[in-house]
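Colleague: Below: one structure in structure tokens.
The values are calculated or read from the model by the stated rules, or taken from the named source; none is laboratory data. This is a predicted model, so every value here is computed, not measured. Glycine also receives a Cβ, built like all others from the backbone with ideal geometry; neighbour counts cover every protein chain displayed. Note: accessible area is taken over every heavy atom of the protein model, side chains too, but ligands, DNA and RNA are not part of it. Shrake-Rupley method; radii C 1.70, N 1.55, O 1.52, S 1.80 Å.
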Amino acid sequence: MSIKENKQTWGKNKMINLLLFVLFFILSYLLITQYIIYKKTERYKKKNNLKLSTKAHFFKELFSKINFLKAKEDFLSKQGNPLNLNVSSYYLSKIALALFLFVIANTNYGSLLIAILFGAVGYFFVDTYIFINKKTRDGEVCTDLLNVTDSIILQLSAEVSLKESLKRQFENCKNKDFKKAMLEFSTQYELSELNINVAIEELKNKFDILEINMFCNVLREYNKVGNIIEILENLSEMLRVKYIEKLKSATRTKVLYITFGVIVALGNIIMLTFYPLFISIGNGFNTIFT
């Protein structure tokens, strides 16, 4: 095998190893992030005594998992239908991406293992995007919810009625989905003759966010106890803690990306520096032994 062929093989192997390392890094980061979110969710449930595991809820969840198409449709709807995906286009895009990357990888590398790896990446690419989009969207909604909760606390403390307080809360929202939902929520509350339970169910069905459910449960107590300021203050404190955690997590992520970029840059510099030296040594050995 000539030096030129060795160089091409070495470059191809380097690219494959780098790609595999990047994929492993991304998958590890997503798994760790998902685990952290799960642990925080469990802690919030325990802290606020959320009893979500009733028998009716159990059978409803079981039926939803069996009827996976309806469950996926509901899931996409609660995520705001990212990329305008419905259940049909969701599965079609997953299959199309998997086949496309499988064929491309098999053609370029001639390896079934690498082709299967690329096909798997293509199949889960949409899910990865939805997961990242959900995390970003949930963070934005929780930030807006913090602003809404603080605003309601101030207005209720000033003896403003809940109906009047909810009217303009959509103006405190930056996320378009939550802004629209809050506008529809306040309108539904008025149209239902101040029956807040109807409006609450509408709001809860639009999101799959624990904090939204807690907010709705707090508002549900308004007709029972009248004064919900203290409960809202507890919710506000919890949302503030989560907001601070979000800022810390964003800072850690940026540091991680910068560190990874520096490592890749240094690796390339080292390769560019020592590669000619290795070639010269190889040529020297070839000259000696020929």
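Colleague: Filter the range 219-238 down to residues that are open to solvent by less than 80 Å² (accessible area, probe 1.4 Å) and over 29 Å from E73 (Cβ atoms), then give me how many there are.
Modeller: 10
Colleague: Look at A105 and say whether it is modelled with pLDDT under 85 and either of a type outside the set (K, R) or in a helix (DSSP H, G or I) (or both).
Modeller: yes
Colleague: So, E164, is that one modelled with pLDDT of 90 or more and surrounded by fewer than 18 Cβ atoms within 10 Å (Cβ to Cβ) or not?
Modeller: The answer is no for E164.
Colleague: Now for a separate question. Report whether or not G80 is surrounded by 15 or more Cβ atoms within 10 Å (Cβ to Cβ) and either in a helix (DSSP H, G or I) or of a type in the set (A, V, I, L, M, F, W, C) (or both).
Modeller: The answer is no for G80.
Colleague: Would you pick out the residues in the range 83-102 that are open to solvent by 50 Å² or more (accessible area, probe 1.4 Å) and either assigned to a loop (DSSP other than H, G, I, E, B) or small (G, A, S) (or both)?
Modeller: N86, S88, A96, listed by residue number.
Colleague: So, Y257, is that one free of Cβ contacts under 8 Å to residues at least 60 places away in the same chain and surrounded by 17 or more Cβ atoms within 10 Å (Cβ to Cβ) or not?
Modeller: The answer is no for Y257.
Colleague: I need the helices (runs of 4 or more DSSP H) fully contained in the range 197-290, keeping only those with at least 2 residues that are at pLDDT below 85 and of a type in the set (F, W, Y).
Modeller: 229-289
Colleague: Consider only pairs whose beta carbons are under 7 Å apart and that are at least six residues apart or on different chains; among these, list those whose first residue lies in the range 71-91 and is without any contact (Cβ under 8 Å) to a residue 24 or more places away in the chain and whose second residue is of a type in the set (G, A, S).
Modeller: Partner pairs satisfying both residue conditions: A71/S64.
Colleague: While we're here: Give the range 126-161 a look and list any residue that's open to solvent by 50 Å² or more (accessible area, probe 1.4 Å) and either among the acidic types (D, E) or within 17 Å of F75 (Cα to Cα) (or both), or say none.
Modeller: Of everything in the range 126-161, those that are open to solvent by 50 Å² or more (accessible area, probe 1.4 Å) and either among the acidic types (D, E) or within 17 Å of F75 (Cα to Cα) (or both) turn out to be Y129, I132, K135, T136, E140, E159.
Colleague: Could you tell me whether E184 is assigned to a helix (DSSP H, G or I), in contact with a Cys (Cβ under 9 Å, 6 or more places away or on another chain), closer than 28 Å to A71 by Cα and open to solvent by 60 Å² or more (accessible area, probe 1.4 Å)?
Modeller: no
Colleague: Which number in (1) free of Cβ contacts under 8 Å to residues at least 40 places away in the same chain; (2) over 25 Å from N81 (Cβ atoms); (3) of a type outside the set (V, I, T) marks the one condition that L219 misses?
Modeller: (1)
Colleague: For the structure I just gave you, tell me whether I200 is surrounded by 17 or more Cβ atoms within 10 Å (Cβ to Cβ) and over 29 Å from P82 (Cβ atoms).
Modeller: When the stated conditions are applied, I200 does not pass them.
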